[in-house]
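Have a look at the structure below before the remarks.
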Amino acid sequence: VQLQASGGGLVQAGGSLRLSCEASGRTFSMYAMGWFRQAPGKEREFVAAISWSGGNTYYSDSVMGRFTFSRDNAKDTVYLQMNSLKPQDTAVYYCAARAGTYYYTDEDEYDYWGQGTQVTVSS
């Protein structure tokens, strides 16, 4: 599976961005997907996960209620809608995929990674 993330950029605190991650190479609907992020000087951390059908999602406490993870299997694409952005959301965001029907929160559980997209939130 090849993953292409896009949609990052510079936004003021309180603003919104929508990240996309398009997959190719395998049957997308058979893959669970995740978003992770890595801020400068910090380890990569879990952000959100979604099951293969989109029926189950899970979020880190830091983004719960502000971010929404969705998928369109017809377009082989997942989306991360990020609202009420904060400066501490600044990071490189990575999408990840693994075969499986449920959702997964540990980065070691994922087999495929996108190249990352930079999100910068100014105060």
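Brief remarks follow.
- Ordering TYR79, ILE50, GLN2 by Cα displacement along the dipole of the chain toward the positive end leaves TYR79 in first place; charges were set at the Cβ atoms of Lys, Arg (+1) and Asp, Glu (-1).
- For the chain, the Kirkwood estimate of the hydrodynamic radius, built from every pair of different alpha carbons, is 14.0 Å.
- Largest to smallest accessible area among TRP52, TRP35 [probe 1.4 Å]: TRP52, TRP35
- Gain in span if fully extended, SER53 to GLN4, counting 0.36 nm per residue against the direct Cα distance: 15.7 nm
- In this structure, SER29 and ASP108 have a Cβ-Cβ separation that, at R0 = 25 Å, corresponds to a calculated FRET efficiency of about 0.60.
The values are calculated or read from the model by the stated rules, or taken from the named source; none is laboratory data. Being a predicted model, the structure only gives us computed values, none of them experimental. Cβ atoms come from the backbone with ideal geometry, glycine included; neighbour counts cover every protein chain shown. Side chains included, ligands, DNA and RNA excluded: accessible areas come from the protein's heavy atoms. Shrake-Rupley method; radii C 1.70, N 1.55, O 1.52, S 1.80 Å.
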